[in-house]
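To keep things clear, I will list the structure first and then write my remarks on it.
The values are calculated or read from the model by the stated rules, or taken from the named source; none is laboratory data. These figures come from a predicted structure and were not determined experimentally. Note that we place each Cβ from the backbone using ideal geometry, even for glycine, and neighbour counts take in every protein chain shown. When the accessible area is computed, the model is the full protein with side chains, heavy atoms only, and any ligands, DNA or RNA have been set aside. Shrake-Rupley method; radii C 1.70, N 1.55, O 1.52, S 1.80 Å.
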Amino acid sequence: MLEIKDLSVSFEDVTVLRDVNLKLDKEVCIVLGPNGSGKTTLLRAISGIVPYKGSIKINGKEVRSAKGVLEYSTNLQEVYTIGNSAWETAKIIAEIKGGDLNEFLSILDYLNVDRKVVHKPIYKMSTGQRSLVSLALALFTKPQVVTIDEPIENVDVNRRDRVVSLLKERVREGIIVTHRKELVKMFEEARVYTIVGGELVEGDKMQ
């Protein structure tokens with residue numbers, strides 16, 4: 001379960017998110033918003049990367065005090081700098097979370113990613129490779145709660161359907177954020193929210 005109460009995030013004098021409330025219990029929601037609206041900041045707060053006011057709990061554990069919640073995962077690329085290569089990162093994650101490295105490779109194969117790319121650090125990959133490899137890193141341990149940032153951004157058209165199929169198969173609880181409204185149609189059963197002026201509003205309110 002993911003439970004967010006009265007969440008606010010500010011950087012210096014700028015408030016990016018204010019009074020965000022959301023509760024997910026074995027369901028997926030899509031959060032829409034244009035670039036710069038605070039979507040990624042929301043995921044960074046949930047991932048414990050940025051400081052916040054309010055409460056974010058995953059299965060009852062406050063994110064601030066439960067770094068490395070094992071049942072949670074994200075595709076935010078900044079969390080995958082723990083190894084000298086994507087493969088080393090995957091090995092560390094597998095040791096911590098009990099994941100199967102063959103599952104990681106299987107996802108890469110499904111997404112038509114050349115396995116050789118995993119011997120590079122994420123920052124040395126192309127933007128498309130980074131997107132797909134970070135998605136594989138997020139999903140191969142079969143986490144209970146997942147947050148996904150812009151899953152089809154920088155992904156070529158031929159792979160987008162596979163990305164969506166993978167998300168539908170593996171994400172049972174969590175948040176997918178995007179500025180692409182076509183994803184709403186692809187996830188018909190998902191609840192939809194929009195970030196408007198730093199607030200989370202129910203429904204598709206994106207212009």
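What the table below lists for this structure:
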read-out: Rounded, prolate or oblate (a/c below 1.5 giving rounded, otherwise prolate when a/b exceeds b/c) for the chain by Cα gyration tensor; value: prolate
read-out: Cα shape, the stretch 98-187, gyration tensor, a/c 1.5 rule; value: oblate
read-out: Dipole magnitude of the stretch 46-125, debye to nearest 20 (Cβ charges: Lys/Arg +1, Asp/Glu -1, about Cα centre); value: 340 debye
read-out: Amide H within-cut-off set for L17, under 5 Å, with H built and near neighbours excluded; value: V9
read-out: Among S106, A190, L200 the positive-end extreme of the charge dipole of the chain (Cβ point charges); value: S106
read-out: For the chain, calculated [θ]222 nm from helices alone, where every DSSP H run of n ≥ 4 adds -39500 (n - 2.57); value: -9000 deg cm²/dmol
read-out: Per residue solvent-accessible surface (Å²) - the chain, probe of 1.4 Å; value: 49 Å²
read-out: The stretch 1-138 - percent of accessible surface contributed by carbon and sulfur, probe 1.4 Å; value: 48 percent
read-out: Angle in degrees between helix 101-110 and the longest Cα principal axis of the chain, rounded to the nearest 10; value: 80 degrees
read-out: Prolate/oblate/rounded call for the stretch 1-93, Cα gyration tensor, a/c under 1.5 rounded; value: prolate
read-out: For the chain, size of Cβ-based charge dipole, Lys and Arg +1, Asp and Glu -1, in debye; value: 300 debye
read-out: Low-density loop positions, GluC sites (Glu not before Pro), the stretch 1-107 - DSSP coil, at most 10 other Cβ in 10 Å; value: E12
read-out: Residues with amide H under 5 Å from that of G83, placed H, sequence gap 5 or more; value: T89
read-out: For the stretch 179-198 and the stretch 111-158, distance of Cα centres in Å; value: 21 Å
read-out: Farthest positive-ward along the chain dipole, Cα basis, beta-carbon charges - from G174, P143, S85; value: S85
